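These notes concern the structure reproduced below.
The values are calculated or read from the model by the stated rules, or taken from the named source; none is laboratory data. This structure is a prediction, so every number in the text was calculated from the model and none was measured. Cβ placement follows ideal geometry from the backbone for every residue including glycine, while neighbour counts extend to all protein chains displayed. These area figures cover heavy atoms from the full protein model, side chains too; ligands, DNA and RNA do not enter into them. Shrake-Rupley method; radii C 1.70, N 1.55, O 1.52, S 1.80 Å.
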Amino acid sequence: MGCCNKLCGLKVGIGAGIAVAILGIILIPVGNNIIRETVTKESVIEPGTTAWENWVSADAPVYRQFWLFDVQNPLDVVENGSKPKLVEKGPYTYKTRYLPKENITANPETYTISFLLPAGAIFEPSMSVGSEEDSVTSLNLAVAGGYKLFPPWVLEAAIKLNNVSLFQRRTVREILWGYKDPILKGTLGLFFPYNGTYDGPYSVFTGKDDISKVSIIDSWQGEKKVSFWNNTYCDMINGTGIRSGPGKNKEPCLLKALFFNVFRSVSAEYERSLNLKGIEVYRFKLPPLTLASPAVNPDNQCFCTDSVVTKNCTLAGVLDISSSRGQPVYISLPHFLHGSPYLVEDVEGLGPSEEHHVTFLDVEPTTGFSLRFAKRLQVNMMYGPSKIITVLKKVKDYTILPIVWLNETASLDDETADRFKKELLSRVDMLETVQYTLIGLGSAAFVLCTVAHCLISRNNNKLV
C-alpha cells in the first residue's frame, strides 16, 4: 500500500512538473506580448509615458566639439599655387541643446506633436584646448562665397577695395558664430545665428496610432519637404531626428535619421552589439555608401549640382549644400573619410580614421531609444582658378578646403541609466526569470519524479 502511495505521488509529481514546465513555455509568447505592450505604451510620446518624460525635457546635455584647420602656408598658396598645409586645432567645446522644447502642441487628429527647439551654445573651457579668442588662419569666407556669387571683376574690385586676400586670420568665435564682413556688408560665419534663435517648428509622429512611426518627422517649418535640390527624392523629409530611436527595433536593421545641418536624410547600418552602463545597445553607423558618388550610389545623383567641381559627378565623400547655404559649402565626414583619394591628396595634414571620424548611434533594441550618439561632420568651402581675380590666378585646380569639423555627442548619464533599467529592463528581466524558473523547476520535477517512479516500479517487480 505504501509503494502504491509513493507511485501515485510520483505520478502526481510528474504531472505537476509537466504542467509547470508547460506554464513556463506558455509564458514565453505571453510574456513577449506583455513586454511588447509595455514598450509600446511607454514609447508613445504622450503625457505619463517614459518617452514623454525624456522627450519634453532638455535631456542629457549635447556637446559640440569643433576642430578648426589652421592654414600654415597662405602666401605660398596664393603666390605659387602650392597645396595648403593644414594643422588641426581643437577641440573647442560648447554645450548645446540644454534648453527644453517650447511651444509644444499636440495634434490628436494627425497623431503628431509640434514644437520649437531653442538654440544655444555655452563655451566649456574645461573641455577645450584654448579660448574662443584663439586665432586661426582660414579661407576667407567672403572671397570663397563671392567666387560663385559675383562676376569675377566685381569680386576682384571688392578684394582690392577692402585689401583682403584668399585667407584671413580670425578668432575661433568669429569663424564659428559670425563676424561683420567688409565685402558682403553683413554678418558672416559658419554656424550663425545661434543664441536666442529657434530651430523649427518641427512636427513628429507620436506613435499613438502606429508605434513604428514614433519620432518620425512629419514636417519641418510647416513643410513636408525641402526645396533645395529640385528633386522629389532628394527633397524628401524622412527618418527621425538624430537623437530619436526608430521605434521598436528588436533585430539589426537599417535605420534612417535626418541631419538638418545638411538638409538631407541618411541611413545608418547596424554594426554590432555593445554594453552601455549595463544596458545592451545596437550600434548603427553611417556607411560609405551614404556619400558615395552617383556612379556607385545612384540615389546621390540629385545631389550632384556642379559637374566641373565634382568631375562629372564621380566625386565621392562630399555633399554640395550650396543651394541651401547660398555659399559654395560642401559637407563631408571629418578628414574626408570615405571620400575620393584626391580630396586628401589636394591638401597636406589630413588623416581619415574610422574610429575617430565616423558617425554612430547606439540604440536600445527593446525600446528603440537612442542612448548615445556621435554626429561627426566636416564643413568645407571651395575655391578655384581665375584669370581675373588676382589672389586666384596661381591656383591650379578647384580645391575643396576643410574649414572645421565637429563632433556633436551625447550619452545617457548614470542616473538615467539606473532609472531606465529599473523602470523597464528590470521588468523584462524579472519576467524572463519567472519563465525560465518555471521551465527549469517543472523539467527538474518531471525528470526526478520519472526516475524515482521507474526505480520504485523496478523494485516492486523484483519483489513480486
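Looking only at the range 294-321, which residues are polar (S, T, N, Q) and out of contact with any helix residue (DSSP H, G or I) (no Cβ under 7 Å at 6 or more places or on another chain)? First the steps, then the outcome.
Taking the range 294-321 as the starting set, the residues that turn out to be polar (S, T, N, Q) are 297, 300-301, 305, 307, 310, 312, 314.
Those that are polar (S, T, N, Q) and out of contact with any helix residue (DSSP H, G or I) (no Cβ under 7 Å at 6 or more places or on another chain): Asn300, Gln301, Ser307, Thr310, Asn312, Thr314.
Taking Tyr330 and the conditions (1) crowded, with 23+ Cβ neighbours inside 10 Å; (2) of a type outside the set (A, V, I, L, M, F, W, C); (3) not in a strand (DSSP E or B), which numbered condition does it fall short on, given that it satisfies the others?
Of everything listed in (1) crowded, with 23+ Cβ neighbours inside 10 Å; (2) of a type outside the set (A, V, I, L, M, F, W, C); (3) not in a strand (DSSP E or B), Tyr330 misses just condition (3).
For the range 139-185, which positions are touching a Leu at 6+ places or on another chain (Cβ under 6 Å) and of a type in the set (D, E, K, R)?
Asp181 - this is the single residue of the range 139-185 that is touching a Leu at 6+ places or on another chain (Cβ under 6 Å) and of a type in the set (D, E, K, R).
Given the range 105-218, what helices (runs of 4 or more DSSP H) lie entirely inside it while holding 2 or more residues that are closer than 22 Å to Pro61 by Cα?
172-177
Tell me, please, whether a residue that is under 30 Å from Ile159 (Cβ atoms), β-branched (Val, Ile, Thr) and modelled with pLDDT of 75 or more can be found in the range 184-197.
Restricting attention to the range 184-197, the residues satisfying the condition of being under 30 Å from Ile159 (Cβ atoms) are 184-194.
From the residues that got through so far, the ones that are β-branched (Val, Ile, Thr) too are 187.
Then drop every residue that is not modelled with pLDDT of 75 or more, which leaves none.
No, that holds for no residue.
Would you point out which residue out of Leu343, Leu337, Leu361, Leu371 is modelled with pLDDT of 90 or more, out of contact with any Pro (no Cβ under 6 Å at 6 or more places or on another chain) and not polar (S, T, N, Q)?
That would be Leu343, the only listed residue that is modelled with pLDDT of 90 or more, out of contact with any Pro (no Cβ under 6 Å at 6 or more places or on another chain) and not polar (S, T, N, Q).
Quickly run through the range 340-388 and pick out the residues that are at positive phi and open to solvent by less than 10 Å² (accessible area, probe 1.4 Å).
Matches in the range 340-388: Gly368 only.
Just to check your reading of the model, which residue among Leu401, Leu350 is touching a strand residue (DSSP E or B) at 6+ places or on another chain (Cβ under 8 Å), farther than 16 Å from Val281 by Cβ and part of a strand (DSSP E or B)? Write out each step before concluding.
Details: Leu350 fails: part of a strand (DSSP E or B).
Sole residue among the options that is touching a strand residue (DSSP E or B) at 6+ places or on another chain (Cβ under 8 Å), farther than 16 Å from Val281 by Cβ and part of a strand (DSSP E or B): Leu401.
Scan the range 304-316 and give yes if some residue there is at negative phi, in contact (Cβ under 8 Å) with a residue 40 or more places away in the chain and touching a Lys or Arg at 6+ places or on another chain (Cβ under 9 Å), otherwise no.
Scanning the range 304-316, I find no residue that is at negative phi, in contact (Cβ under 8 Å) with a residue 40 or more places away in the chain and touching a Lys or Arg at 6+ places or on another chain (Cβ under 9 Å), so the answer is no.
Matching residues to (1) under 28 Å from Thr187 (Cα atoms); (2) assigned to a helix (DSSP H, G or I):
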position: Val266; (1), (2): no, no
position: Ser273; (1), (2): no, no
position: Tyr282; (1), (2): no, no
position: Ser293; (1), (2): no, no
position: Cys302; (1), (2): no, yes
position: Thr305; (1), (2): yes, no
position: Leu319; (1), (2): yes, no
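Would you say Gly207 is open to solvent by less than 10 Å² (accessible area, probe 1.4 Å), touching a helix residue (DSSP H, G or I) at 6+ places or on another chain (Cβ under 8 Å) and without any contact (Cβ under 8 Å) to a residue 60 or more places away in the chain?
Spelling it out, it is not the case that Gly207 is open to solvent by less than 10 Å² (accessible area, probe 1.4 Å), touching a helix residue (DSSP H, G or I) at 6+ places or on another chain (Cβ under 8 Å) and without any contact (Cβ under 8 Å) to a residue 60 or more places away in the chain.
From Lys180, Lys213, grab the single residue that is within 30 Å of Asp306 (Cβ to Cβ) and among the basic types (Lys, Arg).
Values: Lys213 fails: within 30 Å of Asp306 (Cβ to Cβ).
None of the other options fit; the residue is Lys180.
Is it fair to say Ala121 is more than 24 Å from Pro328 (Cα to Cα) and either open to solvent by less than 40 Å² (accessible area, probe 1.4 Å) or modelled with pLDDT of 85 or more (or both)?
Judged against the criteria, Ala121 is a match.
Is the range 125-148 home to any residue that is touching a Lys or Arg at 6+ places or on another chain (Cβ under 6 Å) and open to solvent by 40 Å² or more (accessible area, probe 1.4 Å)?
Within the range 125-148, one or more residues are touching a Lys or Arg at 6+ places or on another chain (Cβ under 6 Å) and open to solvent by 40 Å² or more (accessible area, probe 1.4 Å).
Looking at Val78, Val87 in this structure, which one is part of a strand (DSSP E or B), among the hydrophobic types (A, V, I, L, M, F, W, C), closer than 20 Å to Asn140 by Cβ and open to solvent by 20 Å² or more (accessible area, probe 1.4 Å)?
Among Val78, Val87, only Val87 is part of a strand (DSSP E or B), among the hydrophobic types (A, V, I, L, M, F, W, C), closer than 20 Å to Asn140 by Cβ and open to solvent by 20 Å² or more (accessible area, probe 1.4 Å).
Suppose we filter the range 42-72 for residues that are open to solvent by less than 20 Å² (accessible area, probe 1.4 Å) and closer than 30 Å to Glu348 by Cβ; how many remain?
So the answer is 6.
How many of the residues in the range 279-313 are over 19 Å from the mean Cα position of the chain (by Cα) and open to solvent by 50 Å² or more (accessible area, probe 1.4 Å)?
10
Look at Cys313 and say whether it is farther than 26 Å from Val87 by Cβ and in a loop (DSSP other than H, G, I, E, B).
Spelling it out, Cys313 is indeed farther than 26 Å from Val87 by Cβ and in a loop (DSSP other than H, G, I, E, B).
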